[in-house]
Amino acid sequence: MHRARSVFLWAIVAIFEIVLITLPVSLQAQLIAGISVVTLMGVIKILNAQGTWRLVSLALGTGIVLRYVYWRTTETLPPIDQIQDFVPGMLLYLAEMYNVLMLALSLFIVAMPLPPRPSRKDAVEDFPDVDVFIPSYNEDAKLLANTLAAAKAMDYPPEKLHVWLLDDGGTVQKRSAADVASAEAARERHHELAELCRALGTNYLTRERNEHAKAGNLNNGLAHSTGDLVAVFDADHAPARDFLRETVGYFGEDPKLFLVQTPHFFINPDPLERNLQTFDTMPSENEMFYGIIQRGLDKWNAAFFCGSAAVLSRRALEETGGFSGLSITEDCETALALHSAGWNSVYVDKPLIAGLQPATFASFIGQRSRWAQGMMQILRFRFPLFKGGLSVPQRLCYLSSTLFWLFPFTRATFLFAPLFYLLFDLQIFIASGGDFLAYTLSYLIVNLMMQNYLYGSFRWPWVSELYEYVQTVHLLPAVVSVMINPRKPTFKVTAKDESIAVSRLSEISRPFFVIFAALVIATGFAVYRIYTEPYKADITLVVAGWNVLNLILAGCALGVVAERGEKAASRRVKLQRRCEVVIDDHPYAASIEDVSVGGAQVHIYSKQIRGLGKGKEALLRFQPHGMDTKETLPIIVRRVETSGDLTTIGCQYQPAGPLDHRWIADLIFANSRQWSQFQESRRRNPGIVKGSLIFLSVALYQTSRGLVYFLRGQGSNKVAGEGRAR
C-alpha cells in the first residue's frame, strides 16, 4: 500500500513537472522564472542548507535545465532541408543533450552521497591472511624498495601479512628476448629485484610470458598465493601503517563483500597543477572523484576497483575467474563482473596511500588515453545498461562512469561550434539575443550553481572544463580509434618518478597553439561582423562571447603545455618529528620539518657544529612508528643555514642497503593523517563569482607565459637552424 502511494505521488509530481516544462510562456516570464530560481538557489547556498533543502535547490535547477531542453528541442534546430546548417546544428544539439544526460546521472549518483565512514582502526578482531600484490613492469628499484618497505611495515600481524612483488619486467620471455641488450637488462633487473625482496623479507614472483598485461600479472599472483584477502598497490603507491587496519574489518561483517576501495592520494602535482602552480592551494582533479563521486557510487553499492589502494576477496575473485583482462582497464571491468555476480563493495574515504602521478604532460595524456580507451572497451563489450545481475542503480552508475569518457566529442563540438557562425555564417542555432538571455544564460548559470553545490569544495569553477579541453585534443583520436577497432588498444605502463630538468614546451603542444590562433582569428571576425552587420549584432555578440570563453580556456592551456623545470618529481611534506643528527659521532637534538622521497629538511638546535658543511656525511636517528628503539639513516648534507641558535640543513638520503628503505618509508608514508590534513587545507569553496575571477586571472597569466615559451622556442629553433647552415 505504501509503495503504491509513493508511485502515485511520484506520477503526480512528474505530470506537474512536465506541464511546467512544456507550458508556453513569454520571454519576459521565462526570464523572471530564471532569475527567481537563480535567486532561490543562491539563498539556499548562502544559508548552507542541507538535507531536504539541498534536494529542493537541485530540483529547482533541474526544472530550468529541462525547460531549456524543451525549448532547445522544439524551437532552435535548423530546418532539415538546409543540410549545411542542420548537420553541424544537430551535432551541437547532441553534444548539449549528452551534457544534460551526464548531469542527470551525476544528480542521481551524488545528490545525497554517503557520509565518510568512521575509522575502523580498532574494530578488527579477526585477522585474515592478506597477500599484498605490488605489480611492476619497468619501475626503478629504489622506488620499489620504498613501496615494498612501506607495505611490509603495515600494522598487521607479521605472520598474516605476505608481500609480493609481481615483476613483469623480468619474465622468462623478456630474459630470453632476441635483442641481447634487452635480454641482459631484464636479467639484471630480475636478479636485482629478487635480491631486494630477499633483503626486505618479501616475496619475488615473475612468470613465463607477459600475457594480458596487469590483469595477467595479478592473476599469476593469485595462482601462487593463498591469502584470504588480496591488497593491491601500484609500484609507486606506498601504504600508510594503518591501511589494513582501516579496511580488512569490513570483510568480517559482510560475507558477500568483494572490495574495499580507498582513494588515490598523490604527493606530487600533475602537469596542470605543476605548470599552473595550483597544487598547494586548489583541490586536485582526482578529489572530485574520490571525495564525492565514489561516495555517491558507494550509496548504490557501485563503488568500483581503481587498480590500486584496495583490498579484494580471493573467494570472490576465484568465483568470477580472477582479474578481468578483456579491456585495458582491468580494474573497473573486474568490479563490473563481481557486482553483476551479486558481490558487494565498500568505499572508505580516507587517504591511506601516497603515490606519484605523471609529471610530464605527454605521460599524463598517455595515462588518460588508456583510461578512455579501456572505458570505451567496457562500454562496447560489457554494456553496463544491459549487464545481467546488476541492479538498476548499479547499471546507471556504471553507465555514467563509462559514458563520461565520450567528453572529447562534446568538448570539441563546443570548441568549434562558434566558428561555424563567425567564419562561415552557418545558422546552427535558431534563436534571438533575447532567447539566449532568457533560456541559455539562465541554463548556464543554474548549471554552474548545481555543479558548485555538488562539488564546490572539491572542484572549483571552470577547472573541469580546462581538464577536459587539454585532454580532448589528444583523446579524441584515441577514442575514435577504439570505437573503430575495440581490440586494438594495448596496456601501456604510465611513467613513474619523472622529472623535468629545464623549462620547455611539451612535445605534444603544437595543436594547442594552432587552436588558440584559430580562436583569435575568429574573435577578429566577430568584431568585423558586429561592425558590418549591426542588425545581427545581438546574435554575433552571444556567439562572440562563447568564442571568447573558449579562447580563455585555450589560452590557459598554453600555460599547461609550457612545462616548468623542476628538479624533483615529489613535493616535500611538512611534519614535525623529533630526531637526532649524528655528526662525527656527536649527537645533536633536532626535529624533522619536512620530508620527500629523496631527502629532508632538519632543524638542529645548535649554532656551532664543527665540520658541518655541504657534502658532509651524517646520520639521522629517529624512532620509527610502532617500534621502541631508534634507528639511523645515512644522510649527506646538501645545504646549511644558521639563524640564531638554530641550524637548518637540507639533506639527501644515502641508503647503505635495502633495509634503510624501511626508515625512508617510515618517514614519508607511515602517517596517513598527514595526507588528510593536506587535503583538508586545500578544500574550500570560493563560490562561482570569486572562483571564476580566480580562473580568469590564472588564464590570462598562463596565456602570456605559454606565448613566451613559444616565442622563446621559435628563437632557439632559428638559432639552431642558422648554426647548422654555417
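The values are calculated or read from the model by the stated rules, or taken from the named source; none is laboratory data. These figures come from a predicted structure and were not determined experimentally. A quick note on method: Cβ atoms are made from the backbone with ideal geometry, for glycine too, and the neighbour counts reach across all protein chains shown. For accessibility, only protein heavy atoms count, side chains too; no ligands or nucleic acids. Shrake-Rupley method; radii C 1.70, N 1.55, O 1.52, S 1.80 Å.
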Original post:
Could you count how many residues in region 643-675 are open to solvent by 10 Å² or more (accessible area, probe 1.4 Å) and among the hydroxyl-bearing types (S, T, Y)?
Top reply: 3
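Take the residues in region 346-394 that are in a helix (DSSP H, G or I) and open to solvent by 50 Å² or more (accessible area, probe 1.4 Å); name whichever of them is farthest from V248 (Cα to Cα).
Filtering region 346-394 down to residues in a helix (DSSP H, G or I) leaves 361-381, 384-386, 392-394.
Still in the list and also open to solvent by 50 Å² or more (accessible area, probe 1.4 Å): 371, 380-381, 385-386, 392.
Numbers: W371: 28, R380: 34, F381: 32, L385: 31, F386: 32, V392: 28 Å.
Only one residue fits best here, namely R380.
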Original post:
Does region 252-263 contain any residue that is out of contact with any Phe, Trp or Tyr (no Cβ under 8 Å at 6 or more places or on another chain), open to solvent by 10 Å² or more (accessible area, probe 1.4 Å) and part of a helix (DSSP H, G or I)?
Top reply: yes
**OP:** Please work out which one of (1) touching a Ser or Thr at 6+ places or on another chain (Cβ under 8 Å); (2) open to solvent by less than 30 Å² (accessible area, probe 1.4 Å); (3) under 25 Å from Q674 (Cα atoms); (4) in a helix (DSSP H, G or I) is the condition R274 fails and give its number.
**Re:** (1)
Original post:
What are the residues in region 327-345 that are within 21 Å of E211 (Cα to Cα) and either among the charged types (D, E, K, R) or in a helix (DSSP H, G or I) (or both), if any?
Top reply: E330, D331, C332, E333, T334, A335, A337
Original post:
Does region 552-562 contain at least one residue that is open to solvent by 30 Å² or more (accessible area, probe 1.4 Å), without any contact (Cβ under 8 Å) to a residue 60 or more places away in the chain and of a type outside the set (D, E, K, R)?
Top reply: no
Subject >> First in region 595-609 and closer than 12 Å to R639 by Cα, second anywhere and open to solvent by less than 10 Å² (accessible area, probe 1.4 Å) and among the β-branched types (V, I, T), Cβ under 7 Å, 6 or more apart >> reply: A600/I592; V602/V581; V602/I592; V602/I649
Original post:
Quick check: is even one residue across region 303-315 outside any loop (DSSP other than H, G, I, E, B), open to solvent by 10 Å² or more (accessible area, probe 1.4 Å), touching a residue at least 12 places away in the same chain (Cβ under 8 Å) and under 19 Å from E211 (Cα atoms)?
Top reply: no
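Conditions (1) more than 28 Å from R245 (Cα to Cα); (2) modelled with pLDDT of 95 or more; (3) among the aliphatic types (A, V, I, L, M), marked per residue:
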{"position": "I134", "(1), (2), (3)": "no, yes, yes"}
{"position": "L161", "(1), (2), (3)": "no, yes, yes"}
{"position": "D167", "(1), (2), (3)": "no, yes, no"}
{"position": "A183", "(1), (2), (3)": "yes, no, yes"}
{"position": "A186", "(1), (2), (3)": "yes, no, yes"}
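Filter region 435-451 down to the residues that are touching a residue at least 24 places away in the same chain (Cβ under 8 Å) and either among the aliphatic types (A, V, I, L, M) or closer than 19 Å to Y290 by Cβ (or both), then identify the one that is surrounded by the most Cβ atoms within 10 Å (Cβ to Cβ). Working first, answer last.
Applying the first criterion (touching a residue at least 24 places away in the same chain (Cβ under 8 Å)) to region 435-451 yields 435-443, 445-450.
In the following step, the residues that additionally are either among the aliphatic types (A, V, I, L, M) or closer than 19 Å to Y290 by Cβ (or both) were identified as 437-438, 441, 445-446, 448-450.
Working: L437: 17, A438: 26, L441: 16, I445: 19, V446: 23, L448: 17, M449: 24, M450: 22.
Checked region 435-451; the qualifying residue surrounded by the most Cβ atoms within 10 Å (Cβ to Cβ) is A438.
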Subject >> Test result for I109, open to solvent by 40 Å² or more (accessible area, probe 1.4 Å), more than 16 Å from L444 (Cα to Cα) and β-branched (V, I, T) >> reply: no
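Within region 56-85, can you find the residues that are of a type in the set (A, V, I, L, M), more than 13 Å from Q427 (Cα to Cα) and in contact with a Phe, Trp or Tyr (Cβ under 8 Å, 6 or more places away or on another chain)?
First, the residues of region 56-85 that are of a type in the set (A, V, I, L, M): 56, 58-60, 64-66, 69, 77, 80, 83.
Filter once more, so that each one left must be more than 13 Å from Q427 (Cα to Cα): 56, 58-60, 64-66, 69.
Of everything in region 56-85, those that are of a type in the set (A, V, I, L, M), more than 13 Å from Q427 (Cα to Cα) and in contact with a Phe, Trp or Tyr (Cβ under 8 Å, 6 or more places away or on another chain) turn out to be L58, I64, V65.
Identify the residue in region 77-91 that is β-branched (V, I, T) and over 16 Å from T413 (Cα atoms) and, among all such residues, is least open to solvent (accessible area, probe 1.4 Å). Break it down stepwise before answering.
Residues of region 77-91 β-branched (V, I, T): 80, 83, 87.
The next check asks that each one be over 16 Å from T413 (Cα atoms); those that pass are 80, 83.
Numbers: I80: 122, I83: 102 Å².
Among those residues, the one meeting the criterion is I83.
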**OP:** Need at least 3 residues that are more than 24 Å from L244 (Cβ to Cβ), at pLDDT 90 or above and under 32 Å from the mean Cα position of the chain (by Cα) per element, so show me which helices (runs of 4 or more DSSP H) inside region 648-726 make the cut, counting only ones lying wholly within it.
**Re:** 688-725
Original post:
Of these, I668, I592, which one is in contact (Cβ under 8 Å) with a residue 60 or more places away in the chain, over 27 Å from A309 (Cα atoms) and not charged (D, E, K, R)?
Top reply: I592
Original post:
Across region 456-486, what is the number of residues that are touching a helix residue (DSSP H, G or I) at 6+ places or on another chain (Cβ under 7 Å) and open to solvent by 20 Å² or more (accessible area, probe 1.4 Å)?
Top reply: 9
Original post:
Can you tell me how many residues in region 49-70 are within 18 Å of P113 (Cα to Cα), among the small types (G, A, S) and in a helix (DSSP H, G or I)?
Top reply: 2
Subject >> Test: residue in region 417-429 that is polar (S, T, N, Q) and either more than 30 Å from A335 (Cβ to Cβ) or open to solvent by 50 Å² or more (accessible area, probe 1.4 Å) (or both) >> reply: yes
Subject >> Which numbered condition F429 misses (of (1) part of a loop (DSSP other than H, G, I, E, B); (2) under 21 Å from V69 (Cβ atoms); (3) touching a Lys or Arg at 6+ places or on another chain (Cβ under 8 Å)) >> reply: (3)
Original post:
So N99 clears everything in (1) of a type outside the set (D, E); (2) farther than 24 Å from F407 by Cβ; (3) open to solvent by 30 Å² or more (accessible area, probe 1.4 Å); (4) touching a helix residue (DSSP H, G or I) at 6+ places or on another chain (Cβ under 7 Å) except one condition, right? Which one?
Top reply: (2)
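Taking the conditions exactly as written (farther than 29 Å from P271 by Cα and either out of contact with any Ser or Thr (no Cβ under 8 Å at 6 or more places or on another chain) or not in a strand (DSSP E or B) (or both)), does K614 satisfy them or not?
Numbers: farther than 29 Å from P271 by Cα: yes; either out of contact with any Ser or Thr (no Cβ under 8 Å at 6 or more places or on another chain) or not in a strand (DSSP E or B) (or both): yes.
Yes: the conditions hold for K614.
Restricting attention to region 401-412, does a residue exist that is assigned to a loop (DSSP other than H, G, I, E, B) and farther than 30 Å from V543 by Cα? Steps first, answer last, please.
First, the residues of region 401-412 that are assigned to a loop (DSSP other than H, G, I, E, B): none.
No, region 401-412 has no match at all.
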Original post:
Does any residue of region 43-61 turn out to be more than 25 Å from V110 (Cβ to Cβ) and aromatic (F, W, Y)?
Top reply: no
Original post:
Which one of L143, L229, L148, L205 is among the hydrophobic types (A, V, I, L, M, F, W, C) and more than 22 Å from V311 (Cβ to Cβ)?
Top reply: L143
Original post:
Which one of these is over 36 Å from the mean Cα position of the chain (by Cα) and under 26 Å from A235 (Cα atoms): E617, E641, E631?
Top reply: E631
